[in-house]
Amino acid sequence: MNLEIKNLYKKYDGNTIFKDFSIGFPEGTITCILGPSGCGKTTLLNIIGNMLKPDRGTLTGFDSKAASYIFQDPRLLPWKTVEDNILFVINKELPEEERRRKADQFIRLVDLEEFAKYYPSKLSGGMRQRVSIARAFAFPSDIILMDEPLNGLDIKLKLNLIRIFSLIWQADKRTVIFVTHDVDEALLLGNQIVVLSQAPVQIIKHEKVEAPVTNRSLDADNFKDLKKRLMDALGN
Amino acid sequence: MKNSFISKQFISLASVIFLLAVWKILALHFNSDFILPPPEKTFITTLGLFGNSHFLAIVGSTVLRGLIGFIISCILGLGLGIIAGISPDFSAFLRPILVVTRSTPVIALILLALIWLSPGLVPVFIAMLTMFPFICTNVIDGIKSVDPDLVGMATFYRISQRRIIREVYIPAILPFIISGASSAMGIGWRAVITGEVLSQPQYGIGTVMQGAQTFLNVDAVIAWTILAVLISFGFEKAIRWCERKLILWRS
C-alpha cells in the first residue's frame, strides 16, 4: 500500500500553507521534494512525522509506521559518544550484546568505526551528519524523513554522504521522503522528484528517475535534460 | 601551549611572593606582633595549629557544617530548580524568594539565626541560605538552556520521558550545577566561618579565630585564616576535578 496524503489543509501563523494538497509516496522508494525555501517543505515533513497536526486532511498508511528523522543539523547528544548516540535509539529491551552489535554495524556502514568512542565535538560537520544517518537506519523505522540534511556541506562532502546513504538504502529499502532545495541532490537520490510551488503549495512537476541510485552521474545527458526541466519548474 | 602554562604559573608565583613581601615590609614597619606579625612567624604558627589537641575537632566541625549546608542546599536547589525550570509559574513564584535570600546581608541572617537556633546550627543554616540561591538559579538556567531540538529528536525516536530526563536533561544541566556548586562553595565557607565567629559553637575555625582575636593573637588569627583559605581552595579543586571527570564531552 502506498503512503498518501489527501486534501491537506494547514495554516501556519495565519498563512495558508496547504490548501487541498495531495501527494503520494510509493513505499520502498526515495521521493525527493524540491521547492523554494519557506514554501512549507519542513511543515509537510513535520505533518508526516506527526509533530504537527493538519487542520484538515487524511493521511493513509502512516498510522502503523515508525519513522526516523535526519534533521538539518545532526542533533546528536553532545555528552554521548558516536556509539552511544546510536545506541540511544536502539530498543532498550534487546540484550545489550545485540544492541552493541547493531550499533557497530551501522557505525561501520557510515565509515566511522575509528570514531565510535569520539564525542560529537571532535567530529567534522560531515561526520556528524553521518552519525545522524546511521542513527536513522539503526532505529527500526519504515519511513525516513530528511530535512535538507546536506545543507552547508561542501560539494565533495555532499557527494560522499549521498554515496554512503544510497549504499545503505540499497541494502535496506525504506520509504524515504527527502526535502531539499538543491536540484543536484534530488537528481542523485530520487526515485521520483516532486517540485512544489510557493505557498499555498501545489505540485508543479513530478518526474520519475529510473537509474539506480547507487550509480548516478550528474554529467549524464538525460540528467542534464531533466535538470533543466526541474530548474525551469523551480523558476530559475 | 606548554610554555604559556609555565609562564602563567610563574606569574601566579610572583604574585604570591609580592603579597608576602608587602606583608613582610608592613610587619617591619609596625614592628609589633600585636598589629602584624611577620610572615615567617605566622607560618610557624600555622604549622603549630596541626599540633593543637582539638585540631581535628575544630577543622572537622567547620568542614562538616559547610558540607551539611552544601548538601541541603543542593537537594533543595536541584528539586526546586528542576520544578521551576519546567514550570514558568513556579519559576515566577520562586524568583523573588531567591532574590531576597541572595541580597540579604549575611550578617543580618546570622543575627536572626542567633536568636532562633542553637550555636552549632547557626553556621549550617547560614551556609545553606547563602548557597541555595546559587545552586537553584543555576539549575533553573540549566534547564532553560536545554536544546529543545534535542528533546524533539528524542521524542521523535520514541524515547521514554524517564530516559529523556536522565539522558538529555540531567547531562545538559550538569555543567550548570557544577558551576553553581563552585560559586556556592566559594561564598559558603566564608559564611560558615562568619557564623561561627558570632555564634561560638564549641568547636569551629570561627570560634578559635574569635578567641585568638580577643587575646590579640594576631598570628593565630591569620594562621586560621590561611587554613580556611586552604580548605576553600581544596574544595574548589575537588569540584574542578569532578567537573573534568563528569564533563568529558566538552572541549
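The conditions are (1) surrounded by fewer than 17 Cβ atoms within 10 Å (Cβ to Cβ); (2) under 24 Å from the mean Cα position of the chain (by Cα); (3) over 29 Å from B:VAL146 (Cα atoms), and B:SER61 fails exactly one of them. Which is it?
In the conditions (1) surrounded by fewer than 17 Cβ atoms within 10 Å (Cβ to Cβ); (2) under 24 Å from the mean Cα position of the chain (by Cα); (3) over 29 Å from B:VAL146 (Cα atoms), B:SER61 misses (1) alone.
Looking at B:ALA184, is it facing chain A (nearest Cβ under 8 Å) and touching a Ser or Thr at 6+ places or on another chain (Cβ under 8 Å)?
Working: facing chain A (nearest Cβ under 8 Å): no; touching a Ser or Thr at 6+ places or on another chain (Cβ under 8 Å): yes.
Taking the combined requirement at face value, the residue does not satisfy it.
Listed residues A:SER124, A:SER132; which is of a type in the set (Ser, Thr, Tyr) and more than 14 Å from every other protein chain (Cβ to nearest Cβ)?
Values: A:SER132 fails: more than 14 Å from every other protein chain (Cβ to nearest Cβ).
From the options A:SER124, A:SER132, the qualifying one is A:SER124.
Going through A:ASP142, A:ASP111 one at a time, which residue ends up being over 14 Å from B:MET153 (Cβ atoms), away from every other protein chain (no Cβ under 14 Å), among the charged types (D, E, K, R) and surrounded by fewer than 21 Cβ atoms within 10 Å (Cβ to Cβ)?
Working: A:ASP142 fails: away from every other protein chain (no Cβ under 14 Å).
The conditions single out A:ASP111.
Within the range A:79-100, how many residues are facing another protein chain (nearest Cβ under 8 Å) and under 22 Å from the mean Cα position of the chain (by Cα)?
So the answer is 2.
Got a number for residues in the range B:147-162 being within 16 Å of A:PRO74 (Cα to Cα) and surrounded by 12 or more Cβ atoms within 10 Å (Cβ to Cβ)?
Of the residues in the range B:147-162, the ones within 16 Å of A:PRO74 (Cα to Cα) are B:147-157.
Remaining after also requiring surrounded by 12 or more Cβ atoms within 10 Å (Cβ to Cβ): B:147, B:149-157.
Within the range B:147-162, residues that are within 16 Å of A:PRO74 (Cα to Cα) and surrounded by 12 or more Cβ atoms within 10 Å (Cβ to Cβ) number 10.
Can you say whether B:PRO96 is exposed (fewer than 10 other Cβ atoms within 10 Å of the Cβ) and closer than 24 Å to B:ILE177 by Cβ, as far as the supplied structure shows?
Working: exposed (fewer than 10 other Cβ atoms within 10 Å of the Cβ): yes; closer than 24 Å to B:ILE177 by Cβ: yes.
Considered against the rule, which asks whether it is exposed (fewer than 10 other Cβ atoms within 10 Å of the Cβ) and closer than 24 Å to B:ILE177 by Cβ, B:PRO96 comes out as yes.
When the residues of the range B:28-42 are filtered to those that are free of Cβ contacts under 8 Å to residues at least 24 places away in the same chain and of a type outside the set (A, V, I, L, M), which remaining residue is farthest from B:TYR203 (Cα to Cα)?
Residue satisfying both the conditions and the ranking: B:HIS29.
Checking the structure you have, find out if any residue of the range A:206-213 is in contact with a strand residue (DSSP E or B) (Cβ under 6 Å, 6 or more places away or on another chain) and surrounded by 17 or more Cβ atoms within 10 Å (Cβ to Cβ). Outline the logic, then answer.
Of the residues in the range A:206-213, the ones in contact with a strand residue (DSSP E or B) (Cβ under 6 Å, 6 or more places away or on another chain) are A:206-208.
From the residues that got through so far, the ones that are surrounded by 17 or more Cβ atoms within 10 Å (Cβ to Cβ) too are A:207.
Yes: one or more hits.
Would it be correct to say that B:VAL192 is within 14 Å of chain A (Cβ to nearest Cβ) and surrounded by 20 or more Cβ atoms within 10 Å (Cβ to Cβ)?
no
Each reported figure results from applying straightforward, stated rules to the coordinates on display, with no laboratory input. Just so it is clear, the structure is predicted and the values come from calculations on it, not from any experiment. As a convention, Cβ positions derive from the backbone with ideal geometry for all residues, glycine included, and neighbour counts pool all protein chains shown.
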